[in-house]
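A quick write-up on the structure given underneath.
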Amino acid sequence: MWFIGFSKANCKHCYACVRKCPVHAIRVRNEQAQIIKERCIVCGRCFKVCPQNAKLIKSEKEMVKHYIRGTKKVVASVAPSFAAVFGKYSNKLPTALKILGFDHVEEVVLTSDPIIDEYEKYANKDDDNTYITSFCPSINNLIEKYYSKLSKNIIQVAAPAVFHGRVLKEKYGKDTRVIFIGPCLAKKSDGHNLDSIDLVLTFEELKKWLIEENINLEELEEQPFEYISKEKRLLPLTGGPTSCIEFKNLRKSIIQVDGIKDCMQVLDEVNKGKFKNTLLEMSSCRHSCIGGSGMPDDDINCYERRENLKEYVKSYYDRYNEIYENIVYDEIVIDKDISYGIEHVSIYKETGKEEVLLNKPSIEGLIKILQSMGKYEKIDELNCGSCGYHTCREKAIAVYNNMAEASMCLPFMREKAEDLNNIIFDMTPNIIAMINPKLQFVKLNPAAEEFFEISTNKAKGLPIGMFLEEEKFKKVIETKKTIFKERTNINQNNATVIESIIWLEKNQLMLWIADDITKDEKRQEKIQNMKIDAVNMAQKVINKQMTVAQEIASLLGETTAETKVTLTQLKNIIQEEDGL
């Protein structure tokens, strides 16, 4: 079961996680970051660096509650770094865990002695080999997956938490549910891969759970853990696992390394044959476990956590030393076959993670991928690292392995976007000018250069009052409101334009966009004049036609009258002759 990932809704493809991941275990598909389980060492660096807090962690809290409601015993195995988180209220943590429903609460350091003793045995080996502590699961993952030749150098004993889980199952019964509570996300992987820890809660999850249940540590009674040791309680600090033995006259030197970057640098040197006859104590987290990936995000830095832990150790030892000085874990016995341990409990760790290898493209394939990222010549390979990969060729190999996309090359995409913007800016027929709040020209596009008859270089810094009326621009600066498609006359050019003045808040600039309609206006004026002339001519024709019609009507009237008189006379003569 995998338990970490990124929220799709919040991922803004900034590639911060890709840049931070030391082993390139994050792929980007469709502009969405995804963790590659097979490559991940669960160091948690990607989560810490994500500016969108897009982390998704599958919490096992509900399953823990399910176990508590059941009939089997549920035991809390608490990492010693708890005091770095809970500070002066640390002695009340066992009470709080009992209120949550745990049957027993124990500290991991209770069974750490056999682990430390095993480290001491390796530190006294009479050989030139380099040995590496095995308490950090992320370091174990790193070596087994990416430094497989050094896997044999890991001291093959279980991490203290894993061994403590085995001990608890031996002590309380095989069906006991062991819940490890600590500062490390990688322990969730250990818990699901080993038969010792059933479930894992981080301190971050525990604090949230306590808040949900309205459990206030300040109001609880103290119930201290049943184990005290100044040295063992400092295990979470850098140097903690080996601090108990480094003062002894050992055959090997002890080097304590914290932080994944430094650990990888040292491992690279070990691969080259350096650091012989050395015991390396390695922790992937800076400041070791008190800087763990499962620590709460509560604005307390690692130096404060360290002081919390030291103060707790001192006060605890002073208060309870006399009471508990004779307490021992009486089931721990010497076993001739496996150093220290509990009868039937193995102290050794399980191995078997496979080395992670990348497929490599052919030279032709590599060149083709590089060209898809705009890398046509060696000089184009900037190796800027903005995509999360050290070199452009390393990124191209990631693209070949479906771990990255060509669009992740920020310089290439920026250049591509700028080219597109420039094409639009240069080729648009609209007149465009950029104007600053001082009412000075910043930039003109070619259409504006032609309109104002001045180059952008010469216009830059000139007051716009030389060409345009300033009042509208002042109003836009004052109100931050756009003026949209207003008709105005520009006397300087004897021109008429439709203008928009847009305030760009992010850039603190104004964008003046104008459409020169002078020719259209003149054309419309000419057409209008032609229409008026046509109307006038039509009126003249009408008037003339009316005059002709009237003249014709007048002539027709006279003729008709004369005809009537003549016909009447003719009629009378005929009637007289006929005696009618």
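Taking the Cα centre of each part, how many Å lie between region 353-368 and region 47-76?
Each part reduced to its Cα centre gives a spacing of 37 Å.
Between ARG29 and LYS310, 0.36 nm times their residue separation minus their Cα-Cα distance comes to what?
Length gained between ARG29 and LYS310: 96.6 nm.
At most 15 other Cβ atoms within 10 Å and a DSSP loop assignment: could you name the trypsin sites (Lys or Arg not before Pro) in region 473-580 that fit? Walk me through the intermediate numbers first.
On the way: sites: LYS474, LYS475, LYS480, LYS481, LYS485, ARG487, LYS506, LYS519, LYS522, ARG523, LYS526, LYS531, LYS540, LYS544, LYS564, LYS571; in loops: LYS480, LYS481, LYS506.
Passing sites in region 473-580 are LYS480, LYS481, LYS506.
Roughly speaking, what is the stretch gain from ASN543 to THR560, that is 0.36 nm per residue apart minus the C-alpha to C-alpha distance, in nm to one decimal? Walk me through the numbers before you get to the answer.
Details: separation 17, 0.36 × 17 = 6.12 nm, distance 2.55 nm.
Computed gain between ASN543 and THR560 is 3.6 nm.
As a quick test, which of the pairs LYS145/LYS187; LYS65/LYS207; LYS20/LYS261; LYS55/LYS349; LYS125/LYS274; LYS8/LYS55 have an alpha carbon distance above 20 angstrom in this structure?
LYS55/LYS349
For the chain, with every protein chain kept in place, what is the accessible area per residue (1.4 Å probe, Å²)?
Accessible area per residue, the chain: 55 Å².
With label points built 7 Å along Cα→Cβ from the Cα atoms of GLN528 and LEU439, find their separation and express it in nm.
Taking the simple label geometry, GLN528 and LEU439 are separated by 3.1 nm.
Filter the GluC sites (Glu not before Pro) in region 366-399 down to the DSSP loop ones having no more than 12 other Cβ atoms within 10 Å, then list what survives.
GLU377
Using label points projected 7 Å from each Cα along Cα→Cβ, tell me how many nm separate LYS48 and HIS13, to one decimal.
2.8 nm
How much FRET efficiency would the formula 1/(1 + (r/R0)^6) give for ASP299 and MET466, where r is the Cβ-Cβ distance and R0 is 56 Å, rounded to 0.05?
It comes to 0.55.
With labels modelled as points extended 7 Å from the Cα through the Cβ direction, what inter-label distance (nm, one decimal) is found for GLU219 paired with THR479?
5.7 nm
Mind checking the full-extension length gain between LEU511 and TYR348? Use 0.36 nm per residue of separation minus the Cα-Cα distance, one decimal, nm.
Computed gain between LEU511 and TYR348 is 51.6 nm.
Can you give the FRET efficiency for LYS174 and GLU364, using 1/(1 + (r/R0)^6), R0 = 60 Å, r = Cβ-Cβ distance, to the nearest 0.05? Write down the numbers at each step before the final one.
Values: r = 59 Å, r/R0 = 0.98.
Here the calculated transfer efficiency is 0.55.
Probe radius 1.4 Å, ligands and nucleic acids ignored: give me the carbon and sulfur share of the accessible area of region 1-56 as a rounded percent.
Its accessible area is 47 percent carbon and sulfur atoms.
Kindly provide the helix-only [θ] at 222 nm of the chain, computed as the sum of -39,500 (n - 2.57) over DSSP H runs of four or more divided by all residues, to the nearest 500 deg cm²/dmol?
-13000 deg cm²/dmol
Check which residues have an amide H placed less than 5 Å from VAL157's amide H, if you skip close sequence neighbours.
Those qualifying (amide H under 5 Å, at least 5 residues apart or on another chain) are LYS349.
The values are calculated or read from the model by the stated rules, or taken from the named source; none is laboratory data. On a predicted model such as this, the values are computed, not experimentally measured, just so you know. Glycine gets a Cβ as well: all are built from the backbone with ideal geometry, and neighbour counts include every protein chain shown. Quick note on the areas: whole protein, heavy atoms, side chains included, nothing else; ligands and nucleic acids left out. Shrake-Rupley method; radii C 1.70, N 1.55, O 1.52, S 1.80 Å.
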